[in-house]
Amino acid sequence: MRALIVTDMQNDFLPPKGSLPVPHGDEIVQPILDLIRQEEQQDFHRIVLVRDWHTRNHTSFAKSHDLPEYSQFEYKSPRPGDKSTQMGTLWPVHCVQNTWGSQLANPLLKETYHTHLKIVDKGFLSDREYYSGFSDIWDFHKTELHDYLQKHHITEVLVVGLALDYCVKATAISAAKLGYNTTVVKSLTRAIHDDDEHMKQLEKELKENNVKLVDEVPPHQSANATA
Ligand SMILES: [Zn+2]
């Protein structure tokens with residue numbers, strides 16, 4: 001069974017008005033909407049819209065630390081007694097729960113009535129950063145995503161949305177590690193850093209983690225087998 005995972009298609013990530021705009025992110029709203037509407041032809045058993053869903057004082061905001069936006073920051077593990085740290089980028093305030101910025105891009109918002117569609121939130125614990133739709137960066141707190149996909153017997157996932165080099169990448173790598181046959185559809189993503197060097201590094205990382213990166217939506221594998 002195959003599922004479509006649409007990552008972070010929210011107002012704050014979209015130019016020109018979002019607070020953390022991913023360059024050209026607005027270009028993929030309509031194509032993703034078209035893909036969702038092809039649910040049956042594409043054999044999507046389930047569709048998941050992942051939302052970044054932060055509290056006002058979230059630790060990933062530069063403002064929460066009185067530091068400049070986009071500066072590097074050493075996160076300390078949220079688990080008491082755990083001394084591990086991770087470097088990350090501090091962002092402008094974005095996707096605060098129940099604000100315009102955290103709302104799904106307008107045309108997608110209108111699709112959320114689908115019975116086969118679920119919204120999964122990440123980022124709502126204030127003390128930790130999240131990129132993957134499955135868990136925080138420490139892999140301590142799990143979202144509902146894996147349970148939901150398991151419940152619906154999903155074995156294959158397509159990941160699209162924003163941003164290719166952060167949440168799409170992390171979501172896809174988590175999915176592959178959890179055993180899903182995982183593909184990122186490049187034409188339905190946009191990256192924050194999309195120069196050749198970053199792209200090459202990204203392609204390598206996806207490959208090393210068993211994630212396929214393709215230009216267009218591939219045909220469903222089991223559909224082929226039964227044809
Ligand atoms: Zn965020």
**Complete:** Among N106, Y131, W91, the residue whose Cα sits farthest towards the positive end of the charge dipole of region 87-140 (+1 at Cβ of Lys and Arg, -1 at Cβ of Asp and Glu, taken about the Cα centre) is N106
**Prompt:** For the chain, with only Lys/Arg (+1) and Asp/Glu (-1) charged at the beta-carbon, what is the dipole magnitude about the Cα centre, in debye rounded to 20?
**Reply:** 580
**Item:** Counted charge near P15, where neighbours are those whose Cβ lies closer than 15 Å (Asp, Glu -1; Lys, Arg +1)
**Value:** -3
**Prompt:** If we sort 59-65, 34-40 on the protection proxy, mean other Cβ atoms within 10 Å, highest first, what's the order?
**Reply:** 59-65, 34-40
**Asked** Which shape class, rounded, prolate or oblate, goes with region 1-54 when its Cα gyration tensor gives a ≥ b ≥ c as root eigenvalues, a/c under 1.5 marks rounded, and past that a/b bigger than b/c marks prolate?
**Response** oblate
**Request:** Indicate the gyration tensor shape class of region 95-226 (rounded, prolate or oblate), computed on the Cα atoms with a ≥ b ≥ c the square roots of the eigenvalues: a/c under 1.5 is rounded; otherwise a/b larger than b/c is prolate and the rest oblate.
**Result:** rounded
**Asked** For the peptides 176-186, 135-145, what is the packing order when you average, over each peptide's residues, the other Cβ atoms within 10 Å and list the highest mean first?
**Response** 176-186, 135-145
**Prompt:** Which whole-number percent gives the relative contact order of the chain, counting Cα pairs below 8 Å spaced six or more residues apart?
**Reply:** 24
**Request:** Quick one: pull the percent of accessible area on region 21-157 belonging to carbon and sulfur, 1.4 Å probe, ligands and nucleic acids left out.
**Result:** 50
**Request:** Under 15 Å from the Cβ of S77, count the other residues' Cβ atoms, weight Lys and Arg +1, Asp and Glu -1, and hand me the total.
**Result:** -2
**Complete:** Ordering T155, T189, T115 by the accessible surface of their heavy atoms, 1.4 Å probe, largest first, yields T115, T155, T189
**Message:** Given axes a ≥ b ≥ c from the Cα gyration tensor, I'd like to know whether the chain is rounded (a/c under 1.5), prolate (a/b larger than b/c) or oblate.
**Reply:** prolate
**Request:** Over 28 Å between C-alpha atoms is what I'm after, so list which of K110/K186; K63/K204; K83/K118; K142/K207 land there.
**Result:** K63/K204; K83/K118
**Message:** If I model a spin label at M199 and I119 as a point 7 Å from the Cα along the Cα→Cβ vector, what separation in nanometres do I get?
**Reply:** 3.4
**Complete:** Checked against the positive end of the charge dipole of the chain (+1 on Cβ of Lys and Arg, -1 on Cβ of Asp and Glu, about the Cα centre), the farthest of L149, V217, A62 is L149
**Message:** If packing is taken as the average count of other Cβ atoms within 10 Å, what order do 121-130, 191-200 fall into, highest mean first?
**Reply:** 121-130, 191-200
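The values are calculated or read from the model by the stated rules, or taken from the named source; none is laboratory data. Just so it is clear, the structure is predicted and the values come from calculations on it, not from any experiment. A quick note on method: Cβ atoms are made from the backbone with ideal geometry, for glycine too, and the neighbour counts reach across all protein chains shown. These area figures cover heavy atoms from the full protein model, side chains too; ligands, DNA and RNA do not enter into them. Shrake-Rupley method; radii C 1.70, N 1.55, O 1.52, S 1.80 Å.
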